[in-house]
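Take a look at the structure set out below.
The values are calculated or read from the model by the stated rules, or taken from the named source; none is laboratory data. Note that the structure is predicted; figures quoted are calculated from it, not measured. As a convention, Cβ positions derive from the backbone with ideal geometry for all residues, glycine included, and neighbour counts pool all protein chains shown. Just so you know, the surface numbers come from the protein's heavy atoms only, side chains and all, with ligands and any DNA or RNA stripped out. Shrake-Rupley method; radii C 1.70, N 1.55, O 1.52, S 1.80 Å.
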Amino acid sequence: MAARARPVLRLAAAAALGASLPAPGASQDARPRNVVVMIADGAGVAHWTLARFAREDLAVGEFPVAGLVDTRGHDHVVTGSAAGATALSTGTRTFFGAVAVGPDSTSLETALEAARRGGMATGLVTTASIADATPAAFGAHAVSRDEQVSILRQMIGLPVDVLMGGGRRVFEVAPERAGVDLWAEAAGRYEIVESREELEAIGSGSGAPLLGVFARGEMPLAAERSPSLPAMVGVALDRLATSPEGFFLMVENEGTDSQAHNNADRDILVAEMLDFDDAVRLVLEYHHRDPRTLVVVTADHETGGTSLVAGPGRIDTLRYATGGHSAAFVPLFAVGPGAERFGGLKENREVGRLLLDAVRR
């Protein structure tokens, strides 16, 4: 048997040409049954370059559509996770720190809410607190990302069918800050797990809503994370796949952002990127089993002003320009029904509008 050709990333070509290759079997008017949005928070082109140098056969290298995303906000050039994720979730650019509200602070329907309204199951999986900015922008509304008790209460109240990440502290402070017992509210709606062992034991379970809270705040580094991001994604897919009307799932790795904020060593940043790509691989395999699944991989913004420069002996060296965010474009990869619509150079709000269109029934 002839060796399979190694998949090649097509980011540069797609960005240069403003075009993309169509997904196999997809058509312009194809509507997906399932939609998975995967966000490597803060991951720009250099983050993915580091990942590619460490692993030639990245899962995103098998995605037939690629492009770049302009991440600006409504009134700012260098955005943050709340406004950046809001553009992706609602198709609207907004002010800094806003969560799924417009520039006038009016609540906007998110892709997750639109999916739920159409009968789809919904999921949010993150290595951050489950009430942090990126998941919040898909499952709640607030004029400030700091309103985490209100944000988490909204998510539980929907309820989001699968909700996993860190954030135990939000439950702990809720009685004092808002006079509510979020554990009690969650217990009335969810099966609750708080460890890898409990998650493994519950598996695909009964199909009832699932809440997993695995850390007091953000979950640890990829090498120490338990459960791993791929493990959480695997359970989420098993749970959501039982929905007769399909599902919407948002997956985030926060470590790609927080470790760039920390100007972490190369090995740490690479580990975060590869852990995220492992999760992408799981979702890509699910797409192969059910080609009606649209998968979009991108970021809300770039963090660190990361670049690779020539060091001693012309060895590529990671360099950071900042401990904050930058306005650099971020990559996007897509596969599945309608994936070709995401290729080329897009504004973040354009990506959001395409996601809304994909889930509206």
Practice task
Report the residue count in the range 50-67 for those that are open to solvent by 20 Å² or more (accessible area, probe 1.4 Å), outside any loop (DSSP other than H, G, I, E, B) and farther than 24 Å from Ala128 by Cβ.
Solution key: 3
Practice task
Being part of a helix (DSSP H, G or I) and open to solvent by 10 Å² or more (accessible area, probe 1.4 Å) is the filter; apply it to the range 336-355 and report the residue that is farthest from Arg117 (Cα to Cα).
Solution key: Glu340
Exercise for the section: From Val193, Val162, grab the single residue that is free of Cβ contacts under 8 Å to residues at least 24 places away in the same chain, under 30 Å from Ile268 (Cα atoms) and open to solvent by less than 50 Å² (accessible area, probe 1.4 Å). Expected result: Val193
Fill in the blank from the handout: Screening Glu252, Glu285, Glu340, Glu350 for residues that are charged (D, E, K, R) and either at pLDDT below 95 or more than 29 Å from Pro159 (Cα to Cα) (or both) leaves only Glu340
Fill in the blank from the handout: When Asp277 is run through (1) open to solvent by 10 Å² or more (accessible area, probe 1.4 Å); (2) in a helix (DSSP H, G or I); (3) of a type in the set (D, E, K, R), the failure sits at (1)
Problem - Number of the condition not met by Pro209 [criteria: (1) surrounded by fewer than 23 Cβ atoms within 10 Å (Cβ to Cβ); (2) under 23 Å from Asp278 (Cβ atoms); (3) not aromatic (Phe, Trp, Tyr)] - result: (2)
Practice task
Provide a single number: the residues in the range 102-128 that are farther than 23 Å from Val162 by Cα and open to solvent by less than 10 Å² (accessible area, probe 1.4 Å).
Solution key: 1
Problem - In the range 309-325, the residues that are surrounded by fewer than 20 Cβ atoms within 10 Å (Cβ to Cβ), assigned to a strand (DSSP E or B) and touching a residue at least 60 places away in the same chain (Cβ under 8 Å) - result: Asp316
Exercise for the section: With the condition kept exactly as written, say whether any residue in the range 283-290 is within 25 Å of Asp132 (Cα to Cα) and either in contact (Cβ under 8 Å) with a residue 60 or more places away in the chain or open to solvent by 10 Å² or more (accessible area, probe 1.4 Å) (or both). Expected result: yes
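Listed here are the residues, each with its yes/no results for (1) within 14 Å of Leu124 (Cβ to Cβ); (2) in a loop (DSSP other than H, G, I, E, B).
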| residue | (1), (2) |
| --- | --- |
| Met164 | yes, no |
| Pro175 | no, no |
| Arg189 | no, yes |
| Glu197 | no, no |
| Ala208 | no, yes |
| Gly217 | no, yes |
| Glu224 | no, yes |
